[in-house]
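Enquirer: Just dropping this structure here.
The values are calculated or read from the model by the stated rules, or taken from the named source; none is laboratory data. In this text, all values refer to a predicted model and were calculated from it rather than measured experimentally. Note that we place each Cβ from the backbone using ideal geometry, even for glycine, and neighbour counts take in every protein chain shown. The area values use the complete protein model at the heavy-atom level, side chains included, leaving out ligands, DNA and RNA. Shrake-Rupley method; radii C 1.70, N 1.55, O 1.52, S 1.80 Å.
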Amino acid sequence: MTMKSALRTAVAAIATMLIALTLAGCVQREDAAETVSDSTVDVSQLADLTLQVGDQKGGTEALLRASGELEKLPFAVKFSTFTSGPPQIEAATAGKIDFAVTGNTPPIFGAASNAKVKVVSAYSNDASGDAILIPASSTLRSVADLKGKKVAVAKGSSAHGHLLLQLQKANLMFGAGKDVEPVFLQPADARSAFTTGAVDAWAIWDPYTAIVQLQDHAKTLITAQGVSNGYGFGIAANGALADPKRNTAIRELVIHIAKASAWAKANPAQWARRYAAAIGIDPRAAATAQGRSLRPAIELTDAVIASQQKLADAFTDSGQIQGGINFADYTDKRYNEALTPYFVAPQQP
């Protein structure tokens, strides 16, 4: 083979490889928008099923147990505890869990990474439990004062979304080498950094907000009320949704979560006591957290999806997410009808 023909062969091989990679990328993006089968079975067929559910501190398990709704489920549930929403999305994509409840931002980061999940239920509060905290001795008075400072936050969490929106409102850029430096830490490590002065502020959510306000006398620089949409979401693995039994079980689970939230709202003192006992925190912090951060079920509507798209666009515009996403591709309204009796009106940012 001459050098010229060898070169032509090599170029052709590279071109073929590039076309294959391009097509693979197209398939991957198409998979994200693919409709997942919604076949179901009779509830009586779920007796031998164990649903794998992701959870966070004081989350789904505590609520279901306190309300008595867990024991009413016609199948077993195995809970796995995660530090925040993004690891739950990763676990669902990997098929390790079937369902989890997250804040508003984790599904956006999931969509950006083409996570194999769908948002299937929605929840709402006024976001007053999401806050940017500063030490008791801090002289900071406004978000604008964060310029040149370090802020602890869990990457891809609802607190990350809140922090981004507040900084954009104050015309501050967020990122390494920019106006405000993020220090990406999970809550336990973030609290240590916050209390030792390694960071100047901490963007966090309840119950951590309430705990640190009570125990460390942290001051609230600002809350997410009126800025963040305050939504939470139930996310389900595509594989679970495609399985008739697990799809049916997730439908039943979100119904019982909605019932449990309604019980907690009607019995705030009882719920706060049980919540405190379940996760081992001061009852005063529990009462504060649950007085402002309980998330009743709301309908997964086009308006809710549009609000999430706006948040996703903010991440894209800031350069923290590469390439635009269509949040609607990662939503599935299949449980709306079953949940209708339990919907409340969403809080408005």
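Enquirer: Only helices (runs of 4 or more DSSP H) wholly contained in region 180-288 count here; list those with 1 or more residues that are more than 30 Å from residue 167 (Cα to Cα) and either in contact with a Phe, Trp or Tyr (Cβ under 6 Å, 6 or more places away or on another chain) or assigned by the TED database to the domain that holds residue 157 (or both).
Expert: Correct list: 244-266.
Enquirer: Right, another one. Please determine, by comparing only the residues of region 92-110 that are of a type in the set (Val, Ile, Thr) and within 15 Å of residue 332 (Cα to Cα), which one is least open to solvent (accessible area, probe 1.4 Å).
Expert: 108
Enquirer: Residues of region 277-304 being within 16 Å of the chain's Cα centre (by Cα) and open to solvent by less than 40 Å² (accessible area, probe 1.4 Å), which ones?
Expert: 293, 294, 296, 297, 298, 300, 304
Enquirer: With the condition kept exactly as written, say whether any residue in region 115-122 is under 21 Å from residue 52 (Cα atoms), surrounded by fewer than 24 Cβ atoms within 10 Å (Cβ to Cβ) and in the same structural domain as residue 79 (by the TED database).
Expert: Scanning region 115-122 turns up at least one residue that is under 21 Å from residue 52 (Cα atoms), surrounded by fewer than 24 Cβ atoms within 10 Å (Cβ to Cβ) and in the same structural domain as residue 79 (by the TED database).
Here is a yes/no grid of residues against (1) open to solvent by 30 Å² or more (accessible area, probe 1.4 Å); (2) within 22 Å of the chain's Cα centre (by Cα); (3) over 26 Å from residue 61 (Cβ atoms); (4) modelled with pLDDT under 95:
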| site | (1), (2), (3), (4) |
| --- | --- |
| 162 | no, yes, no, no |
| 171 | yes, no, yes, no |
| 177 | yes, no, yes, yes |
| 185 | yes, yes, no, no |
| 190 | no, yes, no, no |
| 233 | no, yes, no, no |
| 239 | yes, yes, no, no |
| 246 | yes, yes, no, no |
| 256 | no, yes, no, no |
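Enquirer: Every residue in region 114-144 that is among the acidic types (Asp, Glu) and either in contact with an Asp or Glu (Cβ under 9 Å, 6 or more places away or on another chain) or on the phi > 0 side of the Ramachandran plot (or both), please.
Expert: Of everything in region 114-144, just one residue is among the acidic types (Asp, Glu) and either in contact with an Asp or Glu (Cβ under 9 Å, 6 or more places away or on another chain) or on the phi > 0 side of the Ramachandran plot (or both), namely 130.
Enquirer: Please count how many residues of region 326-344 are of a type in the set (Gly, Ala, Ser) and under 20 Å from the mean Cα position of the chain (by Cα).
Expert: Residues meeting the conditions: 1.
Enquirer: Out of everything in region 316-325 that is within 17 Å of the chain's Cα centre (by Cα) and surrounded by fewer than 21 Cβ atoms within 10 Å (Cβ to Cβ), what residue ends up being nearest to residue 254 (Cα to Cα)?
Expert: In this case the residue turns out to be 321.
Enquirer: I want to confirm something. Restricting to region 131-140 and keeping residues that are in contact (Cβ under 8 Å) with a residue 12 or more places away in the chain and within 21 Å of residue 169 (Cα to Cα), which single residue is surrounded by the fewest Cβ atoms within 10 Å (Cβ to Cβ)?
Expert: That would be 140.
Enquirer: Another question, then. Any chance you could count how many residues in region 270-319 are modelled with pLDDT of 95 or more, of a type in the set (D, E, K, R) and farther than 29 Å from residue 335 by Cβ?
Expert: 3
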